[in-house]
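Everything below concerns the one structure shown next.
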Amino acid sequence: MSEKFDVKLDEKHYIPDPRIKAEAWTRDYETTYGEFLNDPEKFWGDIAGELEWIRPWDRVREWSYPYARWFTNAQLNITSNCLDRHVLNHRRTKAALIWRGEDGEERIFTYRQLAREVNRFANGLKSLGVQKGDRVCIYMPLVPEQIVAMLACARIGAVHSVVFGGFGVSALNARIHDAEAKIVITADIGVRRGKTIPLKGIVEDAIINAPSVERVVVLRREEPQVELLPEMEVDYHELMEGADRTCSPEVMDAEDPLFILYTSGSTGAPKGIVHTCGGYMVGTYYTTRHVFDIKENDIYWCTADPGWITGHSYGVYGPLAVGATIVAAEVTPDYPDPGSYWKIIDDLGVTIFYTAPTAIRMFMKHGETWPQQYDLSSLRILGSVGEPLNPEAFEWYYHVIGCGRCPIVDTWWQTETGMQMITTMVGEPMKPGFAGKSIPGVIADVVDRNGNPVPPGTGGFLVIKEPWPAMLRTVYKNDERYRKYWSTIPGYYAAGDLAVKGEDGYIMVIGRADDLIIVAGHNIGTAEVESALVSHQAVAEAAVIGKPDPVKGNTIKAFVILRTGFSPSEKLTSELTYHVRKTLGPIAMPSEIEFVERLPKTRSGKIMRRVLKAQEMGMDPGDISTLEE
Ligand code: WT7
């Protein structure tokens, strides 16, 4: 691919107040980056040295393409760094977690309290027979217990697989199945927009064909309490009650798995991305501290659910490793009104705020009057993640939310990278539309199919040229898929994104190169939605595409061929939409379904979504030489 992009490369930029740069942890990007390039192992070794290890490493990095090992033979437990380390110093009584519910309920945990909860729940899990290496599925709403459950697994070396509470039965079943989870931790309900979501009911259906599951732990939030089925289900609080409040941290090798997190693939099956203890801890600790420039008194809020990688790395592990006060909230940005986020920032004095472009665009649509009703002067740094932050959204975020004072860190990374990879470090000139440059410690570039750097202004593939500590180590039970990341473009990690570089090296990320659609910041595989549609009796074949949407980034449009005996109707449209909601969850629901007679296919039978998309947008479909007549 080499396409000239008509982008304004080097025009508009904002230079932050020089005091911000003078006080930042990374004071001088160029110098720091140079130090990294000069001796990458020293760079990462020095950072790792700021953390606590049970046994030090022999080598910082061992790279045997495409396999990397970081901090070899070192031993650690990530929770000792996220909890114990702080309990033993001045952070003992510092708020670790401030949680807000949709109805305004507030719960606060100091580091000492959070550590106790984690230890007790860890002992509870042990009493159910959970051992190091066992997989535990966490399917919970965004409540403190969700975070406690993750950390408790890490405490005893169990590998957690958090599944977002918005996923439906079959998505949950596939994830439990693939991970062979021994335990599922859930809640009776999740709360969203004043309604309850019956999580426990979904789990009951999802474990029917999941023989690995021995027990379901249920956090009961509602009164009167739902009944538990004693053969299988255990009450969260009962498990906690008898449990000792100290639990010594399991000794983990740096390369032992910490968690699996499923992400949509371009085939129907989700990929279980595997992250390990040592490198992931170092990578998320460092980026949280330096990219957000977190200081002791910051109140830090990442709006992502821990069901996504952002919630893992920057909602839980990174900020706790640095000893920050984190905010977590089971809220929706526009419920009960579009002021719900601004109210939390005002109430709690949030200083660092990390959210997604889709939320920002939604706020833009509702207008400036909502944020203007609140005092947002506590804000110091704004972050964005999940998809390109388009210049209009950048300007609005910068001026309306940040009042022209706050640097914006537009952070590019992926479930696979585990940590942020590209951004504009705090204090450096910001260019709307551009994420920025490689974070010190990372070597990103834009190249052609053969791995040669493309000239400025020319589109290409986004790659990472050298391994980094928080990188994925494999795809669970599918190492071949792992190797593919490193073989698509010879020698490099291919992110699957298209990008373009400016004269000054700033990188603009354009979007996915493969069959993934990003809807409201969620990565959805076209194949997953298609197979959900095809599992309905009326559907013979289906193809889905992403359609640009001013708020959500993309919406899903489905083209459906019906089986004989079925005919298009509004009722069938709602039935199919409902069917996808039930199988995959509301985030994957098509917003448009078109019934068609045939679909454009290659001779080998692959649906050419590109052609459908071009037709839909009234564009030239490009090369159609493989199209079957
Ligand atoms: C894909 C990864 C990383 C946490 C959330 C998503 C897109 C992510 C940006 C950004 C442009 C971005 C990419 C990437 N993406 N951040 N700042 N600018 N695009 O994690 O579900 O693994 O998705 O999200 O396309 O490949 P994910």
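The values are calculated or read from the model by the stated rules, or taken from the named source; none is laboratory data. Small disclaimer: the values here were computed from a predicted structure and weren't measured. Every residue, glycine among them, receives a Cβ derived from its backbone with ideal geometry; neighbour counts consider all protein chains shown. Just the protein is used for accessible areas: all its heavy atoms, side chains included, with ligands, DNA and RNA removed. Shrake-Rupley method; radii C 1.70, N 1.55, O 1.52, S 1.80 Å.
Expressed to the nearest 5 percent, the antiparallel share of DSSP beta bridges inside the chain is 60 percent. If R0 equals 25 Å, the separation of the Cβ atoms of R92 and S248 corresponds to a calculated FRET efficiency of about 0.85. Taken over the chain, the ratio of Cα radius of gyration to 2.2 N^0.38 Å equals 0.93.
Summed over qualifying helices (DSSP H, 4 residues or more, each -39500 (n - 2.57)) and divided by its residue number, the chain shows a 222 nm mean residue ellipticity of -7500 deg cm²/dmol.
Among the GluC sites (Glu not before Pro) in the range 299-392, those located in a DSSP loop and surrounded by at most 14 other Cβ atoms within 10 Å of their own Cβ are E368. Counting only protein heavy atoms and a probe of 1.4 Å, the accessible surface of the range 404-443 is 48% carbon and sulfur. In terms of its C-alpha gyration tensor, the range 445-497 comes out prolate, because a/c is 1.5 or above and the ratio a/b outweighs b/c.
In the P(r) worked out for the range 351-505, what percent of Cα pairs fall beyond 23 Å? Before the final figure, lay out each step's value.
Working: 5148 of 11935 pairs.
Looking at the range 351-505, the distances longer than 23 Å represent 43 percent of pairs.
Provide the percentage of antiparallel DSSP beta bridges, counting only those with both residues in the range 79-250; round to the nearest 5. Numbers along the way, then the final one.
Numbers: 8 of 24 bridges.
Antiparallel: roughly 35 percent of the beta bridges in the range 79-250.
The GluC sites (Glu not before Pro) of the range 489-570 meeting both criteria, a DSSP state outside H, G, I, E and B (loop) and at most 16 other C-beta atoms within 10 angstrom of the site's C-beta, are E503. Normalised radius of gyration (Cα atoms, divided by 2.2 N^0.38 Å) for the range 515-617: 1.00. With the simple spin-label model, which puts each label point 7 Å out from Cα in the Cβ direction, the N73 to I108 separation comes to 4.7 nm. Taking Cα centre as origin and charging only the Cβ of basic (Lys, Arg, +1) and acidic (Asp, Glu, -1) residues, the dipole magnitude of the chain rounds to 480 debye.
Within straight-line reach of K295, meaning a Cα separation under 20 Å, sit the following lysines at least 8 residues removed in sequence or on another chain: K21, K94.
Relative contact order (percent) for the chain, with alpha-carbon contacts under 8 angstrom and 6 or more residues of separation?
Answer for the chain is 14 percent.
Loop-resident GluC sites (Glu not before Pro) (DSSP state other than H, G, I, E or B) in the range 39-89 with no more than 16 further Cβ atoms inside 10 Å of their Cβ: E50, E52. Distance check, please: which entries in K547/K582; K437/K613; K431/K484; K200/K365 exceed 24 angstrom between their Cα atoms? Check vs 24 Å cut-off fails for K437/K613; K431/K484; K200/K365.
What do you get for Rg/Rh over the range 1-128 if you use C-alpha atoms and the Kirkwood form of Rh?
On the way: Rg = 21.9 Å, Rh = 19.8 Å.
Value, to two decimals: 1.11.
Each of V519, A614, A558 was scored by the projection of its Cα onto the charge dipole of the range 515-617, and the greatest displacement toward the positive side belongs to A614; charges sit on the C-beta of Lys, Arg, Asp and Glu. Measure out, as a whole number of angstrom, how far apart the alpha-carbon centroids of the range 22-89 and the range 303-342 sit. Their Cα centres are 25 Å away from one another. So, counting K/R as plus one and D/E as minus one, what does the shell of residues with Cβ under 11 Å around A48 add up to? That sum, taken over residues with Cβ under 11 Å, equals -2. Label separation (R581 vs E52): 4.8 nm, computed from points 7 Å beyond Cα along the C-beta direction. By the rule of a C-alpha distance below 17 Å, with chain neighbours fewer than 8 residues away ignored, the lysines paired with K126 are K182. For K501, a cut-off of 15 angstrom between C-alpha atoms picks up these aspartates and glutamates, skipping any fewer than 8 places away in its own chain: E3, D6, D10, E11, D445, D448. Relative to its residue count, the range 79-250 spans a Cα convex hull of 109 Å³ per residue.
Normalised by the number of residues in the range 260-408, the average gap of Cα pairs under 8 Å and 6 or more apart makes the relative contact order 18 percent.
So what is the accessible area of the chain per residue, in Å², with the probe set to 1.4 Å? Mind dumping the intermediate values first?
Working: 24720 Å² over 629 residues.
Value for the chain: 39 Å² per residue.
Extension gain for R27 to S535 (0.36 nm times residue separation, less C-alpha to C-alpha distance): 177.4 nm. Per residue, the average separation of C-alpha pairs within less than 8 Å and at least 6 apart gives the range 515-617 a relative contact order of 25 percent.
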